[in-house]
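Let me begin by presenting the structure, written as structure tokens, before commenting on it.
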Amino acid sequence: MERSQAVGEQHMELRKLFIPVILGTTRKGRMSEHVAKFVTAEFAKREGVETQLIDIRDLPIPIDDAGQNIRYPAFSEAAMRADAFVIVCPEYNHGYPGMLKHVLDTNLKEYIHKAVGIVGVSAGPFGGTRAIQDLLPVLRELGLVTIFWDGNFSSVQSAFDESGNLLDQAYVRRLDKFMKELIWMAKVLRHGRENISLE
Amino acid sequence: MSKMICPDCGIEMNYHADKVDYNISDSEHIDPDFGGVLEEAHTCPGCGKTHTRALEKSL
């Protein structure tokens, strides 16, 4: 076994998976914030997983330029360290928030061969599915690997109380499936990034 | 192709992807066949960081 491979496998055992949750909207009164906090709390319960809520509202990214020219160091560092991402994505007029894409576009190499799962949020009955479907090809172009489970929070205004407490416990089991799949993919891709050569 | 060494760990990194970066205004390295800069992605098995560089074949 080569030294780098041995070192890699040893470190892989020691390093927790880092899976940040990106809250993908800046709007006032956003119900997605409850979802993002719930999802972050559920990931925090997982052994071997470190998580962090990244609120795109907190990122001082200019809007008069684009891409890697306006990268925000703290966000890029978190993205570099990440093994996978969760994107909490509300559906606005059948689409994903423009600010979410603006923020995602500020990185590239940080995403390559990393897992991503989307948690859709909507006021209506479809759980953000249309925004999810539109976001998938964007994530693919960024170099991310999408999983086949989604989170879907329908009628989100009824899913939480005013303090953000979850009212419908079915979401716990549904999110469990999503998390297991994302964690599995994060492990596989970390192994691949660090050990499987392209050539 | 020369191996990339992790600047933090000093160990050999794993070359696992090529990616076209269309946003780089580095006309010297733009590959005419792809319309952007072809970059190699290398990840360190020690710390997990990924570094990229322009694909050697396109230089």
So, in nm, how far is label A:S76 from label B:D33 when the simple model puts each one 7 Å beyond its Cα toward the Cβ?
2.9
Please give every one of the aspartates and glutamates within straight-line cross-link reach of A:K28, meaning a C-alpha to C-alpha distance under 18 Å, and leave out same-chain neighbours fewer than 8 residues apart.
A:D55, A:D58, A:E91, A:D161, A:E162
Hey, how many Å between the Cα centroid of the range A:140-199 and the Cα centroid of the range B:1-43?
29
Could you work out how far apart the two model spin labels at A:S158 and A:A170 are, taking each label as a point 7 Å from the Cα in the direction of the beta carbon, and quote it in nm?
1.0
Estimated 222 nm signal from helices in chain A, with DSSP H stretches of n ≥ 4 weighted -39500 (n - 2.57), rounded to 500:
-13000 deg cm²/dmol
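May I ask you to derive the relative contact order of the range A:103-199, considering only C-alpha pairs under 8 Å and at least 6 residues apart, and to give it as an integer percent?
Details: 114 pairs, mean separation 30.1, N = 97.
Relative contact order, the range A:103-199: 31 percent.
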Cross-link pairs A:K16/A:K101; B:K3/B:K49; A:K45/B:K49; A:K101/A:K177 - those with Cα-Cα distance over 19 Å:
A:K16/A:K101; A:K45/B:K49; A:K101/A:K177
Amide H neighbours of A:I22 at under 5 Å, excluding residues fewer than 5 places away on the same chain, with H built from the backbone geometry, are A:I54, A:V86, A:I87, A:V88
Taking 7 Å along the Cα-to-C-beta vector as the label spot, tell me the A:K180-A:N93 distance in nanometres, rounded to one decimal.
4.0
GNM on chain A, C-alpha springs below 10 Å: top fluctuator among A:H113, A:H34, A:H94?
A:H94
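Taking the beta-carbon count within 10 Å as an exposure proxy, list A:L23, A:L198 from fewest neighbours to most. If you can, show how the numbers build up before the last one.
Values: A:L23 26, A:L198 12.
Placing the least packed residue first, the sequence is A:L198, A:L23.
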Percent relative contact order for chain A, counting Cα pairs under 8 Å at least six residues apart, stands at 21
Across B:5-13, the residue-averaged tally of Cβ atoms belonging to other chains within 10 Å stands at 3
Using amide H atoms built 1.01 Å from N in the peptide plane, name the residues 5+ places from B:D31, or on other chains, whose amide H lies under 5 Å from its own.
B:G36, B:V37, B:L38
What does the structure give for A:109-118 when I average, per residue, the other chain Cβ atoms found within 10 Å of the residue Cβ?
4
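Counting other Cβ atoms within 10 Å, which GluC sites (Glu not before Pro) in the range A:55-114 have at most 12 and lie in a DSSP loop? Let's see the in-between values first.
On the way: sites: A:E77, A:E91, A:E110; in loops: A:E91.
Sites meeting the loop and neighbour criteria: none at all.
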Please list, by residue number, every one of the GluC sites (Glu not before Pro) in the range A:32-72 that is coil in DSSP and has at most 14 other beta-carbon atoms within 10 Å.
A:E47
Qualifying chymotrypsin sites (Phe, Trp or Tyr not before Pro) for the range A:101-199 [loop in DSSP, other Cβ within 10 Å: at most 10]
A:F148
Within the protein assembly as shown, percent of DSSP bridges classed antiparallel, to nearest 5:
45
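We did not get these values from a lab; they are worked out from the coordinates using the rules stated. None of the values given here were measured: they were computed from a predicted structure. In this analysis, Cβ positions are derived from the backbone assuming ideal geometry, glycine residues included, and neighbour counts consider all displayed protein chains.
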